[in-house]
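Asks: Have a look at the structure that comes next, please.
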Amino acid sequence: MIRSVIVGCGSYLPERVMTNADMAEIVDTSDEWIVARSGIRQRHIAAEGQTTGDLAEAAARDALKHAGLEPADIDLIIVATATPDNTFPATATSVQARLGIRDGAAFDIQAVCSGFIYGLATADNFLKAGQFKRALVIGAETFSRILDWEDRTTCVLFGDGAGAVVVEAQEGAGTSDDRGILTTHLHADGRHHDLLYVDGGPSSTKTVGHLRMSGKEVFRHAVVNLASVINEALEATGLAADDIDWVIPHQANKRILDGTARKLKLAPEKVVVTVDRHGNTSAASVPLAMAEAIRDGRIKRGDMLLLEAMGGGFTWGSALVRW
Ligand code: ACO
C-alpha cells in the first residue's frame, strides 16, 4: 500500500523575541502570572510587513533542504493558517509562486490550531489515492495581527512562526512497522464557535477582527477531546501508550500538555515542549516542535510520533507517524 512518508521537516521563527517582561509593559500582567498559568516565557513576533506567506516560504525552504529535494519535486502545497496574507487568493498559491513552482495544486486549510493535523490528513489522503506524489504541508501564522493588545487574557498567550513538512508517497507493507503516516483522526463540533473565535471577517463585519476566547472553557474541552482523539489513534493501530516515542502536541498551554499526558499516562519526558519559548503559534506549533526535536537529535529514524491538536471551531485531531 501507499504510505505518506515525512521525508523532511523545517521551521522559521521571526527574529524579534517578546518576553513576558516586555508584555508587562503593554498590559497589566507579570512574568509570574503568565508562567504559572501557561508555561510561556517568551514568543516571537513578525516584523512590520513580514507576512504569514514570508514565514511559510522560509519554513518550506528549510523543509525542502532537510528532505534534499527541489521545489519542482512538489506537486501539492497545503498551508494551514487562520491568518492568511489576504482573504483570497490562498497563501499557499503565494508560497507556490515564491518557490517557482508552476504546476500542481495549492490551497489553504482553515482549522485554526488543528490546521496542521487537518492539512497532514488531507495530504495523506491525496497521496494514498495516487493523485499527487509529494506534498508540502505548512502551518504558518501571524497571530500577533489578530490579537487585541489591550486584552491581557489573550494577548500574552500567542506568538508567530511557521513549520513545514515534505510528505512523499512511498510503498509500504501496510503494517505499523512502515515509515510514514499510519493513521489520522479529525473531528469538529461547531457548537463551540463562541468559546474561541475572531470577532470579524469579510462576510460579517468586513474587518479582520480580534481573537476572543473563554479560556477556562477551552481548557476543559481541550483535555477531554485530546485524550479521546489520542486513544482513537492508538485503537486504530493496535498500539499502546508505551509504543509512542514522542508526543508532539499543539503547544497551547503547558497545563493542557501536562493534563493530557497525565490522563493518558504518557511519560512527561516524551512530550516535546516549545510553548515556553514560542507561545501558542496555532497551526505552526506542531511542525515547529517537530522540527526542533528532529534537529536536536531527540527524534530518531524509526521513532513513533504522536501528533495532536485542538483549536477554534472546535476542531481537533491526531496523527500517528513513524519517522
Ligand atoms: N495577567 C495577570 N492576570 C490575568 C491575566 C494576565 N495576563 N489574564 C487574566 N488574568 C486574571 C483574570 O482577570 C482573573 O482575575 P480575577 O480573578 O480578578 O477576575 C485571574 O487572572 C484568573 O483568570 P482566569 O481566566 O480564571 O485564569 P485561568 O486560570 O483560567 O487561566 C488561561 C487563564 C491561561 C487562559 C487558561 O484558562 C487557559 O490556559 N485556557 C486554555 C486556553 C488556551 O490555551 N487557548 C489557546 C487556544 S485553543 C488551543 O490552542 C487549544
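The values are calculated or read from the model by the stated rules, or taken from the named source; none is laboratory data. On a predicted model such as this, the values are computed, not experimentally measured, just so you know. Positions of Cβ are backbone-derived with ideal geometry, glycine not excepted, and every protein chain shown enters the neighbour counts.
Asks: Give all pairs with beta carbons closer than 9 Å in which a residue from the stretch 195-219 that is within 27 Å of G39 (Cα to Cα) meets a residue that is of a type in the set (D, E) and surrounded by fewer than 13 Cβ atoms within 10 Å (Cβ to Cβ); count only pairs at least 6 apart in sequence or on separate chains.
Replies: Close Cβ pairs (under 9 Å, with a partner that is of a type in the set (D, E) and surrounded by fewer than 13 Cβ atoms within 10 Å (Cβ to Cβ)) amount to R212/D194; S214/D194.
Asks: In the list I40, I34, which residue meets the criterion of being in a loop (DSSP other than H, G, I, E, B) and surrounded by 15 or more Cβ atoms within 10 Å (Cβ to Cβ)?
Replies: Just a single option satisfies the conditions, and that option is I40.
Asks: Continuing with the same structure: Sort out which residues of the stretch 187-208 are within 28 Å of R277 (Cβ to Cβ) and either of a type in the set (A, V, I, L, M, F, W, C) or loosely packed, with under 15 Cβ neighbours inside 10 Å (or both), and write them in order of number.
Replies: Matches in the stretch 187-208: L195, L196, V198, V208.
Asks: If you don't mind, another one. Write out, first by first residue and then by second, each pair whose Cβ atoms fall under 6 Å of each other, whose residues are 6+ apart or on separate chains, and whose first residue, in the stretch 293-312, is over 16 Å from C113 (Cα atoms) while the second is outside any loop (DSSP other than H, G, I, E, B) and among the small types (G, A, S).
Replies: I299/A293
Condition check ((1) more than 29 Å from D199 (Cβ to Cβ); (2) assigned by TED's automatic domain parsing to the domain that holds S11; (3) not acidic (D, E)) across all residues:
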position	(1), (2), (3)
G49	no, yes, yes
T52	no, yes, yes
R61	yes, yes, yes
A67	yes, yes, yes
A72	yes, yes, yes
L76	yes, yes, yes
D85	no, yes, no
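Asks: All but one of (1) of a type outside the set (F, W, Y); (2) under 18 Å from G311 (Cα atoms); (3) within 14 Å of the ligand (Cβ to nearest atom) hold for D276; state the number of the condition that does not hold.
Replies: Among (1) of a type outside the set (F, W, Y); (2) under 18 Å from G311 (Cα atoms); (3) within 14 Å of the ligand (Cβ to nearest atom), the lone unmet condition for D276 is (2).
Asks: Something else about it: Out of the stretch 39-48, which residues are out of contact with any strand residue (DSSP E or B) (no Cβ under 8 Å at 6 or more places or on another chain) and either within 16 Å of the ligand (Cβ to nearest atom) or of a type in the set (K, R) (or both)?
Replies: G39
Asks: Given the residues V137, V112, V166, which is the only one that is outside the structural domain of N253 (by TED's automatic domain parsing) and touching a Lys or Arg at 6+ places or on another chain (Cβ under 7 Å)?
Replies: Going through V137, V112, V166 in turn, the sole match is V166.
Asks: Among the residues of the stretch 169-189, is there at least one that is modelled with pLDDT of 95 or more, in a helix (DSSP H, G or I) and not hydroxyl-bearing (S, T, Y)?
Replies: No, because not a single residue in the stretch 169-189 is modelled with pLDDT of 95 or more, in a helix (DSSP H, G or I) and not hydroxyl-bearing (S, T, Y).
Yes/no per residue for (1) touching an Asp or Glu at 6+ places or on another chain (Cβ under 8 Å); (2) at pLDDT below 95; (3) not acidic (D, E):
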site	(1), (2), (3)
E25	no, no, no
R37	no, no, yes
A47	yes, no, yes
L64	yes, no, yes
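Asks: Next question, about the same structure. In the list L288, L266, which residue meets the criterion of being buried (at least 18 other Cβ atoms within 10 Å of the Cβ) and more than 20 Å from the chain's Cα centre (by Cα)?
Replies: None of the other options fit; the residue is L266.
Asks: Among (1) under 27 Å from F314 (Cβ atoms); (2) touching a Gly at 6+ places or on another chain (Cβ under 9 Å); (3) surrounded by fewer than 17 Cβ atoms within 10 Å (Cβ to Cβ), which single condition is T91 missing?
Replies: (3)
Asks: Looking only at the stretch 291-323, filter to residues that are part of a helix (DSSP H, G or I) and of a type in the set (D, E, K, R); which one of those is surrounded by the most Cβ atoms within 10 Å (Cβ to Cβ)?
Replies: Top of the filtered list is E292.
Asks: Got a sec? Which of E217, E168, E235 is surrounded by 18 or more Cβ atoms within 10 Å (Cβ to Cβ) and charged (D, E, K, R)?
Replies: E168
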